[in-house]
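Undergrad: This structure is in C-alpha cells; I'll ask about it shortly.
The values are calculated or read from the model by the stated rules, or taken from the named source; none is laboratory data. Here the structure is a predicted model, which is why all the values come from computation and not from measurement. Positions of Cβ are backbone-derived with ideal geometry, glycine not excepted, and every protein chain shown enters the neighbour counts.
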Amino acid sequence: MNHSAIIDAGPLVALLNARDRHHAWIVRALQQLTGPLLTCEAVISEAIFLAGRYGDGSRQIVRLLACGGVRIGFSMEQETDDVCRLLLKYADVPMSLADACLVRLSEKHPTLSIMTFDAHFLVYRRHQNQTIPLIRPI
C-alpha cells in the first residue's frame, strides 16, 4: 500500500464534487492510501478556480489545506530552474506550470505516484528519461 500520492487538480476537484463522473473512482483510489496528499501551489490555484464553479468547492479545498489532508510539497522559488527546464522541454506538448510542478515534485518524491486524469503525464518523463508512476482511471 502506498503511503501517499501527488495529486493533480482534476482528481482533487472530483473528490469534492459528488456529481463529478470520476468522484467514485477517486474515493476508491484514496482508500488505498494513507497520509496526506502532496501537490503544488499551481494545482491549488487551478483546483480553486475549477471548484468555484459549484457550491463551496473553493472553501473545501482551503479546508483540505488547513487540516493537512493536502500539503504543498515544495517551494516554487527553490525549484524555479528545474520547473523552467521542464516547461522548455515540453513546450510543444504543451506543458502547464501545474504539470511542470507535479513532474518536479515526482522527481523529489520518486516513490510517489501522481493522481491525474491528464494524458500528458504518459508523455512526460522525470529525470530526463524515467516514466512517472501514475494513478489514473482506465
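Undergrad: Filter the stretch 56-74 down to residues that are surrounded by fewer than 12 Cβ atoms within 10 Å (Cβ to Cβ) and among the small types (Gly, Ala, Ser) and give me whichever is farthest from the chain's Cα centre (by Cα).
TA: 66
Undergrad: Considering each residue of the stretch 120-133, count those that are aliphatic (A, V, I, L, M), under 15 Å from residue 108 (Cα atoms) and not in a loop (DSSP other than H, G, I, E, B), and give that number.
TA: 0
Residue-by-condition table, conditions (1) modelled with pLDDT of 95 or more; (2) aromatic (Phe, Trp, Tyr); (3) over 15 Å from the mean Cα position of the chain (by Cα); (4) under 12 Å from residue 8 (Cα atoms):
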residue: 76; (1), (2), (3), (4): no, no, no, no
residue: 80; (1), (2), (3), (4): yes, no, yes, no
residue: 84; (1), (2), (3), (4): yes, no, yes, no
residue: 89; (1), (2), (3), (4): yes, no, yes, no
residue: 101; (1), (2), (3), (4): yes, no, no, yes
residue: 105; (1), (2), (3), (4): yes, no, no, yes
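Undergrad: Please work out which residue is farthest from residue 83 (Cα to Cα), limiting yourself to the stretch 1-44 and to residues that are part of a loop (DSSP other than H, G, I, E, B) and among the hydroxyl-bearing types (Ser, Thr, Tyr).
TA: Here the answer is 34.
Undergrad: How do the helices (runs of 4 or more DSSP H) wholly within the stretch 56-113 filter down when requiring 2 or more residues that are more than 27 Å from residue 35 (Cα to Cα) and either hydroxyl-bearing (Ser, Thr, Tyr) or free of Cβ contacts under 8 Å to residues at least 12 places away in the same chain (or both): which remain?
TA: Passing ranges, in order: 76-89.
Undergrad: Which condition number does residue 138 fail, the rest of (1) among the β-branched types (Val, Ile, Thr); (2) over 16 Å from the mean Cα position of the chain (by Cα); (3) not in a loop (DSSP other than H, G, I, E, B) being met?
TA: Failed condition: (3).
Undergrad: Does the stretch 27-47 contain any residue that is among the aliphatic types (A, V, I, L, M), more than 15 Å from residue 132 (Cβ to Cβ) and surrounded by fewer than 16 Cβ atoms within 10 Å (Cβ to Cβ)?
TA: Yes: one or more hits.
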